[in-house]
Amino acid sequence: MASIVPNDRIVLQGPEGKVYGVIENRTLRKHIRGSQHILRKPPAIAIDAALYDGYRPFFDAIEVVDTETGTIYRLAATRFDYWRFALQRGYGCQYAVSLSRWKVENPHDPQLKLEVS
């Protein structure tokens, strides 16, 4: 891994060049299609273990955006470290955390809308 300045934008790429996410402002941001990438049994969100371990010193929070619904899942990285479990389902080792542990922000929630006049 090359030398990384912690405040720079870091693009996370796998060995084949696929972009898995970015780290900006000490937040790991990842976009997913929920229907394909949110685990069903158990309901959870998973992150590639090698990328997570390799870049863990550079982020303090995780934000996962479901591009199909606009739902945003957030979790402190220390909480992810505490609650994660490892799994292998044909895509290499991944770390997952149950959906119930994530803070969920639904963009269609009327409580979140604020009008400023």
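The table below lists the values:
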{"quantity": "Condition check for V64: among the aliphatic types (A, V, I, L, M) and closer than 28 Å to D8 by Cβ", "calculated": "yes"}
{"quantity": "The stretch 68-78 - residue that is outside any strand (DSSP E or B) and out of contact with any helix residue (DSSP H, G or I) (no Cβ under 8 Å at 6 or more places or on another chain) and, of those, modelled with the lowest pLDDT", "calculated": "G70"}
{"quantity": "Extreme residue, modelled with the highest pLDDT, among residues of the stretch 101-117 that are closer than 15 Å to E63 by Cα and either of a type in the set (S, T, Y) or out of contact with any strand residue (DSSP E or B) (no Cβ under 7 Å at 6 or more places or on another chain) (or both)", "calculated": "N106"}
{"quantity": "Hey, A50 surrounded by 12 or more Cβ atoms within 10 Å (Cβ to Cβ), over 22 Å from H108 (Cα atoms) and in contact with a Gly (Cβ under 8 Å, 6 or more places away or on another chain) or not", "calculated": "yes"}
{"quantity": "Qualifying strands (runs of 3 or more DSSP E) (wholly inside the stretch 1-65; at least 2 residues being over 18 Å from L75 (Cα atoms), hydrophobic (A, V, I, L, M, F, W, C) and at pLDDT 90 or above)", "calculated": "10-13"}
{"quantity": "Pairs with Cβ under 6 Å, 6+ apart, first in the stretch 73-85 and surrounded by 12 or more Cβ atoms within 10 Å (Cβ to Cβ), second charged (D, E, K, R)", "calculated": "R74/E63; R74/K103; A77/D60; W83/R101"}
{"quantity": "Among (1) in contact with a Phe, Trp or Tyr (Cβ under 7 Å, 6 or more places away or on another chain); (2) closer than 17 Å to R33 by Cβ; (3) not basic (K, R) - the single one I72 does not satisfy", "calculated": "(1)"}
{"quantity": "Check on R74, more than 20 Å from P15 (Cβ to Cβ) and over 15 Å from the mean Cα position of the chain (by Cα)", "calculated": "no"}
{"quantity": "Residue selected from the stretch 79-100 under the condition outside any strand (DSSP E or B) and under 13 Å from the mean Cα position of the chain (by Cα), by the criterion modelled with the lowest pLDDT", "calculated": "L99"}
{"quantity": "Residue ID - surrounded by the fewest Cβ atoms within 10 Å (Cβ to Cβ), chosen from residues in the stretch 27-47 that are of a type in the set (D, E, K, R) and within 16 Å of T67 (Cβ to Cβ)", "calculated": "R33"}
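The values are calculated or read from the model by the stated rules, or taken from the named source; none is laboratory data. A quick note: this is a predicted structure, and the numbers were derived from the prediction, not measured. No Cβ is skipped: glycine too gets one built from the backbone with ideal geometry, and neighbour counts run over all protein chains shown.
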